[in-house]
Amino acid sequence: MIMIPTNDSKTLKEFRKLSERKKGLAMAIFRHGCSRMRVSFLLLLLLLLFALSPGGAWGSQAADTHGSLQLVSEQQSIEPGHEFWIGLRFNLEKGWHIYWVNPGDSGEPPKVNWDLPAGFGAGDLQWPAPHRLEHPPLTDFGYEGEVLLLAPVHAPSQLLGRPPAQLAGGGGNATFAADVKWLVCRDICIPAHQRVTLSLAIRERAPKTDPNWRALFERSRSRLPQPAPVSWKSAVLAEGKDFVLSIESDASQAQATFFPLEPLQIENGAPQRVSAMPRGIRLTLEKSDQLLKPITNLRGVIVLGNGRAYVIDAPVFQNKRRTAS
Amino acid sequence: MRQVMRRFLSLPLLTAILLLTLPAARAAQVGSPAPDFTVTDTNGKVHHLSEYKGKFVVLEWHNRECPYTRKHYASGNMERLQKEWTGKGVVWFTVISSAPGTQGYVTADDENAYVAKMNASPTAVLLDAEGSLGHLYGAKTTPHMFVINPEGVLIYNGAIDDKPTTEIADIPSAKNYVQAALEEAMAGQPVAAPTSRPYGCSVKYAH
């Protein structure tokens, strides 16, 4: 079990990776209780591996970042003038996670720099509703397993008539690239950086959905937080050490989890007390230790028992009578 | 006599009940008195926070194997801060809450050798392997920084700076919150950024 890093050398990152690799080896040796001779053989092997690596450009990304990253498209070709969805597909090793747009107590969300052919434009990254990741003392918000961060892309209407040179990838193809930086964590974190690309044919006809990714796109889109229905009324009462968030909706709700969009407003790790109301739901959220001033609005995403997620922006009222100093 | 006894007993009892009902996580809150502690350092010396009334005290949660901590040590940033502020009379405690068998756990001798090697100059390194100091302050990450003023009031709780990365290259352009808090408080001004989200590796507490 030797971990193989990929990118640029001489950074602290690299240094860290090296030491992790050494540790991995040490652990492997320890576990197998090898003889001294076998230990030196393994060390020799490791040295050889170092020596043979061409300028720090090592192989397989997967072993290094504890998962894989791909740039995928929902459809198999591009129709000029139409919008379509692409996404960053992370497939994480068991036990490892990446972060939501508000990562919670620690971590940072993936950052992407698009490199698109001329005329194409990508919208903001869309984040499916996250999960609570409890790694005491930290409570983070993020994703495990397979996750797709989506982005809508608009194809310009003039595409086929253009000289091939204007389309990266040439000919009847368009090539999209994304420089992605992310942090992948278990009890330790590893910063990762990868450039991923995707090439799609340009066709003057309605595109077909890629059967490989159809289900993933549909599932991920269904977890994207929607604007709260206009009929909903939400408000927060600041009471002592708590924020009591009430959401009046069309039906009683028994289950919900609130994910704050701003850091340092609620205590991420505190249990959320939920009570169903005849029409709606009430959540008691503990204020953050680090919140020193009253806030005017509590913004976040609420995920209901049925998995649907809504964006909440609730005005905060101070309960003067019961607010402790 | 019995009456007197009862009255005498009830006050500490009440206090104890009150203390027990306060959520532990809220113990260290900016603007409130920093909780007192008794912890032994790597030279066997016992430190009580209450001994340092009249001085600024910095608490720095540390794990030398954590890449975020390493960013600030490999660059010399943390050592520079320690040297500058202990030079100005600040008491600087590096705190290690890694439990035995977890990342960053060290013995006293090992840590003393490390401090010498890094040319670091904390006032002392406090060994908190059972995590009680860490839990008392709600330390979540390494680094996680706290600043206490000469009156014993917590005036800063948060990150070391505003660039939550492992990149040394980010240090020169980062705003160092600890530096700012100490400068402002020493100049008699309120601390402009008294809290921030700490960043780094999780503190490796015993579970």
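Coordinate-derived values only; no laboratory data. Predicted model, so just to flag it, every value in this text is computed and none were measured. Backbone-built Cβ (ideal geometry, glycine too); neighbour counts: all protein chains shown.
Taking each residue of B:195-202 in turn, how many C-beta atoms of other protein chains fall within 10 Å of its C-beta, and what is the average? Spell out each step's value before the answer.
Numbers: counts 8, 3, 10, 4, 5, 2, 6, 12.
Neighbouring Cβ atoms belonging to other protein chains average 6 per residue here.
Rounded to the nearest 500, what is chain B's calculated 222 nm mean residue ellipticity when only DSSP H runs of at least 4 contribute -39500 (n - 2.57) each, over all residues?
On the way: 6 runs with 66 residues, N = 207.
So the helix-based figure for chain B works out to -9500 deg cm²/dmol.
Straight-line reach only, C-alpha to C-alpha below 14 angstrom: list the aspartates and glutamates that A:Lys208 could link to, leaving out same-chain residues fewer than 8 apart.
Within the straight-line limit of under 14 Å, A:Lys208 reaches these aspartates and glutamates: A:Glu74, A:Glu79, A:Glu83.
Taking each residue of A:301-311 in turn, how many C-beta atoms of other protein chains fall within 10 Å of its C-beta, and what is the average?
Per residue, the number of nearby Cβ atoms from other chains is 0 on average.
Would you mind telling me the antiparallel percentage of the DSSP bridges in the stretch B:92-207, rounded to 5?
Approximately 60 percent, going by the DSSP bridge assignments.
Could you run the Karplus curve 6.51 cos²θ - 1.76 cosθ + 1.60 with θ = phi - 60° over the stretch B:132-145 and give me ³J(HN,Hα) per residue in whole Hz, x for Gly and Pro?
5, 5, x, 5, 4, 9, x, 5, 10, 10, 10, x, 9, 10
Give me the angle, in degrees from 0 to 90, between the Cα long axis of helix B:77-87 and the longest principal axis of the Cα atoms of chain B, rounded to the nearest 10.
That helix lies at roughly 60 degrees to the long axis.
Please compute, for peptide B:64-75, the average count of beta-carbon atoms on other protein chains lying within 10 Å of each residue's beta-carbon.
So the per-residue partner count for this stretch is 3.
Given H placed on each backbone N at 1.01 Å, which residues far from A:Ile202 in sequence or on other chains put an amide H within less than 5 Å of it?
Correct list: A:Ile78, A:Asn173, A:Ala174.
So who's got an amide H within less than 5 Å of the one on B:Arg197, skipping anything under 5 residues away but keeping other chains? H placed 1.01 Å off N, in plane.
It is B:Ala159, by chain and number.
Whole Å is fine, so just give me how far the alpha carbon centre of the stretch A:285-300 lies from that of the stretch B:125-142.
25 Å
Take the Cβ-Cβ distance between B:Asp109 and A:Asn306 as r, set R0 to 56 Å, and report the resulting FRET efficiency rounded to the nearest 0.05.
Details: r = 58 Å, r/R0 = 1.03.
In this case the efficiency is close to 0.45.
P(r) of the stretch B:42-183 in 10 Å steps, Cα pairs, percent per bin?
Values per bin, smallest distances first: 12, 46, 37, 6.
Among the listed pairs A:Lys293/B:Lys175; B:Lys45/B:Lys88; A:Lys241/B:Lys53, which have their C-alpha atoms separated by more than 26 angstrom in this model?
Values: A:Lys293/B:Lys175 22 Å; B:Lys45/B:Lys88 22 Å; A:Lys241/B:Lys53 29 Å.
Over 26 Å apart, Cα to Cα: A:Lys241/B:Lys53.
Taking the Cβ-Cβ separation of A:Glu134 and A:Asn212 as r and a Förster radius of 41 Å, what is the calculated FRET efficiency to the nearest 0.05?
For A:Glu134 and A:Asn212, the calculated efficiency is 0.80.
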